[in-house]
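Structure below; questions to follow.
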């Protein structure tokens, strides 16, 4: 049954463009795209997944953000089709539909559905107006599986307005607050937010470098929480500097957030549910940076790397300091076979002194992939991982926003192994 549902759903997406053609649309520009990762991770720890012998979650530091993804990913696929549905002269309107899944075979949902009008302003041929549910101008560190500037939700906006020195983008998004407090029976489970997103991108620094700057401001649609003194709004400044050079490329992002955006707009394992922290009885601020890139030391030897840090300081002392550092050297034996070694360390320190949670992880992977290089895909992998996870605190009451409390010292040393594929097109 689930297989039939999946087949039908993918069929609908792939059939979208001819269906549009029957409605009188132009089909000269139909683009199929997608991403997928799928496999199985086995573990020697019988405490995981009720002793079934395989993991149903990723290995990461408790209350940390993201994860070191080599040999440490849950299953996911997404497939999209974008087609021109109306054209008059140079003006074009297109529609994008993307379906995606969870970690169970057969899970299908609509994750993007939006339309855009291109070249409808005579003086701005590259600008477009859009409306719908979409992944909006996301920035990520692939290696640690973190989208650190992710406002994806339903919205309306204008993109790529040429100012001469930069491209301007304005969006009004309508996300949901993720805050829920399982211990508070009066909690409404989060409120609809407004997220105003203003960015300037493609600011040329040199022939090989550019700069992006943006501001996000969020506020609750209904901000009356009775007598509670809670956070109902927040702001965040983001900057991104990208540099290419002879031996690869590097990206450096810095963000500063306040109150409802003190947690940042991170979409990641452990981060997604802390994206919008309105409805909480605290204010505060945070700053973070992400530095990542790749080194091409030779045709056969490349290294991916990542360094990230966050200091979240809240007036109720429930914040934390987070550090993540990792490197993944990869050597190509020939055009289709490579060996990768990923080493990562993560540490989360509770603001109130309850303790530190950390993780040390090493993964060795043999890959069969479409060409040389760390970005070659599809990539078919056989891997083994050793990890050592320490825990000194957990959050009381609410797993994301509760008070950090000491639990002594716990340690889990684990060996995992398995296989997966990763592809995009």
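Coordinate-derived values only; no laboratory data. This structure is a prediction, so every number in the text was calculated from the model and none was measured. Every residue, glycine as well, gets a Cβ built from its backbone with ideal geometry; the counts of neighbours run over all protein chains shown.
Sorting check: for 195-202, 157-164, which peptide has the highest mean count of neighbouring beta carbons within 10 Å, and how do the rest follow?
For the peptides 195-202, 157-164, the packing ranking is 195-202, 157-164.
Give the relative contact order (percent, whole number) for the chain; include only Cα pairs under 8 Å separated by 6+ residues.
Values: 1197 pairs, mean separation 55.0, N = 425.
Relative contact order for the chain comes out at 13 percent.
When the helix-only estimate is applied to the chain (DSSP H runs of n ≥ 4, each -39,500 (n - 2.57), divided by the residue count), what is the mean residue ellipticity at 222 nm, nearest 500 deg cm²/dmol?
Details: 2 runs with 20 residues, N = 425.
After summing the helix terms and dividing by the residues of the chain, the value is -1500 deg cm²/dmol.
Same structure again: Decide, for segment 72-151, between rounded, prolate and oblate: order the square roots of the alpha carbon gyration tensor eigenvalues as a ≥ b ≥ c, take rounded if a/c falls under 1.5, and otherwise choose prolate if a/b is larger than b/c, else oblate.
The shape class here is oblate.
What's the FRET efficiency of residue 121 with residue 223 using the Cβ-Cβ distance as r and R₀ = 35 Å, to the nearest 0.05? Provide the component values of the computation, followed by the final result.
Values: r = 35 Å, r/R0 = 1.01.
According to the calculation, E is roughly 0.50.
Which of rounded, prolate, oblate describes segment 111-175, given a ≥ b ≥ c as roots of the alpha-carbon gyration tensor eigenvalues and a/c under 1.5 marking rounded, otherwise prolate only if a/b is larger than b/c? Walk me through the intermediate numbers first.
On the way: a/c = 2.57, a/b = 1.50, b/c = 1.72.
Here segment 111-175 falls in the oblate category.
Can you give the extra length, in nm with one decimal, that the chain gains between residue 168 and residue 382 once fully stretched, where that is 0.36 nm per residue apart less the Cα-Cα distance?
That works out to 72.7 nm of additional length.
Could you order the peptides 97-105, 319-327 from most to least packed, using the average number of other C-beta atoms within 10 Å per residue?
Numbers: 97-105: 16.9, 319-327: 21.0.
So the order, starting with the most tightly packed, is 319-327, 97-105.
Sticking with this structure for a sec: Roughly how many Å is it from the Cα centre of segment 202-243 to that of segment 30-60, as a whole number?
Segment 202-243 and segment 30-60 have Cα centres separated by 33 Å.
To the nearest Å, what is the center-to-center distance of segment 315-375 and segment 248-287, using C-alpha atoms only?
One Cα centre to the other: 20 Å.
Calculate the FRET efficiency for residue 309 and residue 76 from the Cβ-Cβ distance with a Förster distance of 30 Å, rounded to the nearest 0.05. Don't skip to the end; give the middle numbers.
Values: r = 27 Å, r/R0 = 0.90.
So the FRET efficiency works out to roughly 0.65.
Kindly identify the chain as rounded, prolate or oblate by the Cα gyration tensor criterion: order the square roots of the eigenvalues as a ≥ b ≥ c, call it rounded if a/c is under 1.5, otherwise compare a/b with b/c, prolate if a/b is larger, else oblate.
In terms of gyration-tensor shape, rounded.
Considering only 244, 350, 384, give the residue with the highest GNM mean-square fluctuation for the chain, with springs between Cα atoms whenever their separation is below 10 Å.
Between 244, 350, 384, it is 244 that shows the largest mean-square fluctuation.
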